[in-house]
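Right, one structure below, let's go through it.
The values are calculated or read from the model by the stated rules, or taken from the named source; none is laboratory data. All figures in this text were calculated on a predicted structure; none of them were measured in a lab. For neighbour counting, all protein chains shown are included, and Cβ atoms are generated from backbone atoms with ideal geometry for every residue, glycine included.
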Amino acid sequence: MKFMLPVLFAVIFSAVTLFPQKAGSQDNTVPAVTNTSENPRIKYANTPNETEAITWSALVQGDYNGVSGGSGIRVNAVLVIGSDVYIGGKFQSAGGSTVNNIVKWNGSVFSSLGVGVNNTVNALAYYDGKIIAGGIFSEAGGNSIIANIAQWNGEAWSAIGSGVNGEVNALVVDGGDLYAGGTFSTAGGNSASRIAKWNGSAWSALGTGTNEEVNTIAASEGIIYAGGNFTQAGGINADYVARWNGTSWSALGSGLGGTVNAIEISGSDIYAGGSFSGYISKWNGSSWSSLGTGPDDVVYAIKVSGNDIYAGTNTTMKKFSGGTWSTVGTGTGSSVFALALNTTAGEMYVGGAFTSAGGNTANRIAKFTDTDNPLPVELTSFSAKRVSGGVELRWATATEVNNYGFEIERASAVETMHAPSLQNRNWENIDFVPGHGNSNSPKQYIYRDNNSRANQGYIYRLKQVDSDGSFSYSGELYVSAGAPASFELKQNFPNPFNPVTMISYTLPSSGIVQLKIYNTTGEEVAALVNEIQEAGSYQISFNGSGLASGTYLYRITVTSAAGVYTQSRKMIILK
C-alpha cells in the first residue's frame, strides 16, 4: 500500500543525541544523522502516482569500469559489507589491476584480496569477522592447502578446516554457523552429500544431504532452505527444493518442476527461481503460487524490496511490481547471476555476464537505484538512557528480512558542555543480540550495558548483521551524565533534502510537545508530534515525498511548568 501523506516515525531518546557517521566535522554543535544514507534500517512507504525512475551506472567511469580478463568472464557473487562491496566470479582483473577472481570495491577504487584465488568464485559470505569465498579453486593467496572454500581476514587467506572435495555453489550464515552447498560429497573429510555445516571448528553433514547438486541456500530462524538439481533430500522425495529443521529434511509441498537456482526469504514467504515453468514461485507455508506470468526466462538471482520482486535472469534484470513483470530500466542485455542490496546507499548491485547496463558500458558489475521503490530498511527506533547500574538500550524493528542479529558497539566520549568529542572514537564490540531472522511483525529489543561508568559519556551504535554476513550500522546515540540544559530546536539535517530529513530537539523538562510542518502561506501540511514527552533529546524522521519542491517551516511548541516555548526553522525540499 502507498500513502498520500508523508510517512514518518519518531526516534525517541532519553538524555541521548544521535550523531552522523561523517568524520572531521568542524561544527561544535551536534548535527542530526543523515537518515537516508547513514541510518540504513528505517523503512518508508512510497507516495502514489510516482513515475518509476531507474538509474543504472558502472562502478567506475572510463576504461576500467568493471572486471575483465580470461575466458568466460562473469560475476557470480556480490556481498555488501558496510561501505565495501566484495565481488566474486571468473575474471583476472578489475580497475586495471590483477585481482584473480575476487575483488573489493570501497566506493572509489578496486583492491585485491592478496593475490586472490586460482579459479572461479561462486559464493561469498561474511562469517566470524571474515570474508568467506566458495567455488572451485585449490589455492587462495598462494596457499595450496585450500579445497574450494577459504576465508580472508583482511590480511591473508586461510583454509576452513580441510574444506570440501567438490565445487561450492552457495553459502549462508545462520545461528553462528556457516552452511555450504554444492557438488561435493565430503566436508572436512567426512561424508556430507552436497550440503554441510561449519560451526567454527568442524564440518558436519545435514543428515544424508541431497542426491544431486545444491545451487542455493537460504536460512530463517534455524531453518535451512536448499534448492538445486536434486529430487531427494534426507532420503525423501523433494523435487528441487527442501527444508532442513536442524534434525531432518522435509519437502515443500510437491516441490517444483525443474532446477532451482535462487531462494529468497521475505517475512513468511519463500521465493524460488530457476528453470521450471513460470521461472519463479512463492511458497506461503502451505502451497506454491506463481508470480503473474513470470519473467519469461531462467532465473538465477532474486531480491525482495518492499512489495517488489527483482529477478536476475538469463537475458536481463526483471522486476515484479503491481502484479506485472517489466525490465528494470533498459536492463543489462545479458545474464544476471548475482544481486545484493546496499541499504546504506539505497542501491542494488548487479553481477553477471553483461557488458552494458541501462545503455551504459558496465563490465559484468553495475548498480542501480529505483526511486519508485526505495530499498526497505527495518529499524524504527533506537534509544538509550541512564538507569541504575548502567545504560539501557532499546530498539524496535517493523519487519526483519534475513536478520542474523545485532552487534552492540560502544565508544567512550570526552564531554564538553554536554557534547561529545567526534574525534578518535575507538569502537568496542560489547555484546551480540540475536535477531528474529524473518518477521513481518514489530519486534522489540532491550539490552543493558552493566559495564558502563556513571561519570563517563558513551556513544552507542548497532551493527545489524544479515544471515548472508552483510551488515550495516545504525545511527549513533550519545549518553551523557545529565539531561539537556535547555529547550532547543536544531536545524534539520540534511538540508536541502529529498525526500527524508531528520529534525532534532531537546527538552530540559517534561511537557506537551507539538511539532508541525507549514508551507510558506502558513498552511499546515504535516503534524509530526502531539504528545507529552519527558526530558531528553529527540529525533523525528520526516519524509516529504508527498510535497512539492520548495521552502517549508517546521515549528515546535512546548507547554511545560516553566511556560510555553516556541521556535521555528526553515527547511528546503529539493527534488
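Among the listed residues 112, 71, 93, identify the single one that is surrounded by fewer than 24 Cβ atoms within 10 Å (Cβ to Cβ), polar (S, T, N, Q) and touching a Gly at 6+ places or on another chain (Cβ under 6 Å).
Values: 112 fails: touching a Gly at 6+ places or on another chain (Cβ under 6 Å); 71 fails: touching a Gly at 6+ places or on another chain (Cβ under 6 Å).
Just a single option satisfies the conditions, and that option is 93.
Within the range 477-497, is there a residue that is over 27 Å from residue 104 (Cα atoms), at pLDDT 75 or above, in contact with a helix residue (DSSP H, G or I) (Cβ under 9 Å, 6 or more places away or on another chain) and not assigned by TED's automatic domain parsing to the domain that holds residue 171?
Narrowing the range 477-497 to residues over 27 Å from residue 104 (Cα atoms): 477-497.
Adding the requirement that they be at pLDDT 75 or above leaves 486-492, 495-497.
The next check asks that each one be in contact with a helix residue (DSSP H, G or I) (Cβ under 9 Å, 6 or more places away or on another chain); those that pass are 497.
Now drop any that are not not assigned by TED's automatic domain parsing to the domain that holds residue 171, which leaves 497.
Taking every residue of the range 477-497 in turn, at least one turns out to be over 27 Å from residue 104 (Cα atoms), at pLDDT 75 or above, in contact with a helix residue (DSSP H, G or I) (Cβ under 9 Å, 6 or more places away or on another chain) and not assigned by TED's automatic domain parsing to the domain that holds residue 171.
Out of the strands (runs of 3 or more DSSP E) lying entirely within the range 1-108, which hold 3 or more residues that are at pLDDT below 65 and within 23 Å of the chain's Cα centre (by Cα)? Talk me through it step by step, then tell me what you get.
Details: elements: 8-12, 16-19, 54-58, 74-81, 84-90, 102-105.
Ranges flagged: 8-12.
Could you tell me whether any residue of the range 515-532 is out of contact with any strand residue (DSSP E or B) (no Cβ under 9 Å at 6 or more places or on another chain) and in the same structural domain as residue 385 (by TED's automatic domain parsing)? Full working, then the answer.
Kept after step one, since they are out of contact with any strand residue (DSSP E or B) (no Cβ under 9 Å at 6 or more places or on another chain), are these residues of the range 515-532: 521, 523.
If we keep only those that are in the same structural domain as residue 385 (by TED's automatic domain parsing) too, we end up with 521, 523.
Yes: one or more hits.
Mind checking which residues of the range 285-309 are of a type in the set (Asp, Glu) and touching a residue at least 60 places away in the same chain (Cβ under 8 Å)? Break it down into steps so the answer makes sense when it comes.
Residues of the range 285-309 of a type in the set (Asp, Glu): 296-297, 308.
Once the filter is applied, which keeps residues that are of a type in the set (Asp, Glu) and touching a residue at least 60 places away in the same chain (Cβ under 8 Å), the range 285-309 yields only 308.
Could you list, in sequence order, all residues of the range 488-536 that are in contact with a Ser or Thr (Cβ under 9 Å, 6 or more places away or on another chain), of a type in the set (Ser, Thr, Tyr) and under 18 Å from residue 549 (Cα atoms)?
Result: 501, 518, 520.
Is it the case that the range 189-198 has a residue that's out of contact with any Gly (no Cβ under 9 Å at 6 or more places or on another chain) and among the aromatic types (Phe, Trp, Tyr)? Show your work before the answer.
Applying the first criterion (out of contact with any Gly (no Cβ under 9 Å at 6 or more places or on another chain)) to the range 189-198 yields 190, 197.
Add one more test, that the residue is among the aromatic types (Phe, Trp, Tyr), and what stays is none.
Scanning the range 189-198, I find no residue that is out of contact with any Gly (no Cβ under 9 Å at 6 or more places or on another chain) and among the aromatic types (Phe, Trp, Tyr), so the answer is no.
Looking only at residues that are crowded, with 17+ Cβ neighbours inside 10 Å, at pLDDT below 75 and aliphatic (A, V, I, L, M) in the range 371-421, which one is farthest from residue 540 (Cα to Cα)?
The selected residue is 413.
Might you check whether a residue that is crowded, with 21+ Cβ neighbours inside 10 Å and touching a Pro at 6+ places or on another chain (Cβ under 8 Å) occurs anywhere in the range 286-303?
So the first thing to find is which residues in the range 286-303 are crowded, with 21+ Cβ neighbours inside 10 Å, and the list is 295, 299-303.
When the remaining residues are screened for being touching a Pro at 6+ places or on another chain (Cβ under 8 Å), the result is none.
For the range 286-303, residues crowded, with 21+ Cβ neighbours inside 10 Å and touching a Pro at 6+ places or on another chain (Cβ under 8 Å): absent.
Which is more than 28 Å from residue 385 (Cβ to Cβ) and of a type in the set (Lys, Arg), of 516, 490, 570? Don't jump to the end; show me each part of the working.
On the way: 516 fails: more than 28 Å from residue 385 (Cβ to Cβ); 490 fails: more than 28 Å from residue 385 (Cβ to Cβ).
570 is the lone residue from the list that is more than 28 Å from residue 385 (Cβ to Cβ) and of a type in the set (Lys, Arg).
Take the residues in the range 430-449 that are surrounded by fewer than 19 Cβ atoms within 10 Å (Cβ to Cβ) and modelled with pLDDT under 90; name whichever of them is nearest to residue 266 (Cα to Cα).
My answer is 440.
Among the candidates 227, 176, 181, 189, which residue alone is under 30 Å from the mean Cα position of the chain (by Cα) and surrounded by fewer than 24 Cβ atoms within 10 Å (Cβ to Cβ)? If you could, list the steps in order and put the result at the bottom.
Values: 227 fails: surrounded by fewer than 24 Cβ atoms within 10 Å (Cβ to Cβ); 181 fails: surrounded by fewer than 24 Cβ atoms within 10 Å (Cβ to Cβ); 189 fails: under 30 Å from the mean Cα position of the chain (by Cα).
Matching residue, one of 227, 176, 181, 189: 176.
Got at least one residue in the range 541-550 being within 12 Å of residue 511 (Cβ to Cβ), part of a strand (DSSP E or B) and assigned by TED's automatic domain parsing to the domain that holds residue 492?
In the first step, residues of the range 541-550 are kept if they are within 12 Å of residue 511 (Cβ to Cβ); the result is none.
Scanning the range 541-550, I find no residue that is within 12 Å of residue 511 (Cβ to Cβ), part of a strand (DSSP E or B) and assigned by TED's automatic domain parsing to the domain that holds residue 492, so the answer is no.
Being surrounded by 20 or more Cβ atoms within 10 Å (Cβ to Cβ), touching a residue at least 40 places away in the same chain (Cβ under 8 Å) and of a type in the set (Phe, Trp, Tyr) is the requirement here; does residue 240 meet it? Full working, then the answer.
On the way: surrounded by 20 or more Cβ atoms within 10 Å (Cβ to Cβ): yes; touching a residue at least 40 places away in the same chain (Cβ under 8 Å): no; of a type in the set (Phe, Trp, Tyr): yes.
Answer is no for this residue.
One residue is enough: does the range 216-237 have a residue meeting the conditions touching a residue at least 40 places away in the same chain (Cβ under 8 Å) and in a loop (DSSP other than H, G, I, E, B)?
So far as the range 216-237 goes, yes, one or more of its residues are touching a residue at least 40 places away in the same chain (Cβ under 8 Å) and in a loop (DSSP other than H, G, I, E, B).
Residues of the range 529-548 being out of contact with any Pro (no Cβ under 9 Å at 6 or more places or on another chain) and in contact (Cβ under 8 Å) with a residue 40 or more places away in the chain, which ones? Break it down into steps so the answer makes sense when it comes.
From the range 529-548, those out of contact with any Pro (no Cβ under 9 Å at 6 or more places or on another chain) are 529-534, 538-541, 548; that's our starting set.
Of everything in the range 529-548, those that are out of contact with any Pro (no Cβ under 9 Å at 6 or more places or on another chain) and in contact (Cβ under 8 Å) with a residue 40 or more places away in the chain turn out to be 529, 533, 534, 538, 539, 540, 541.
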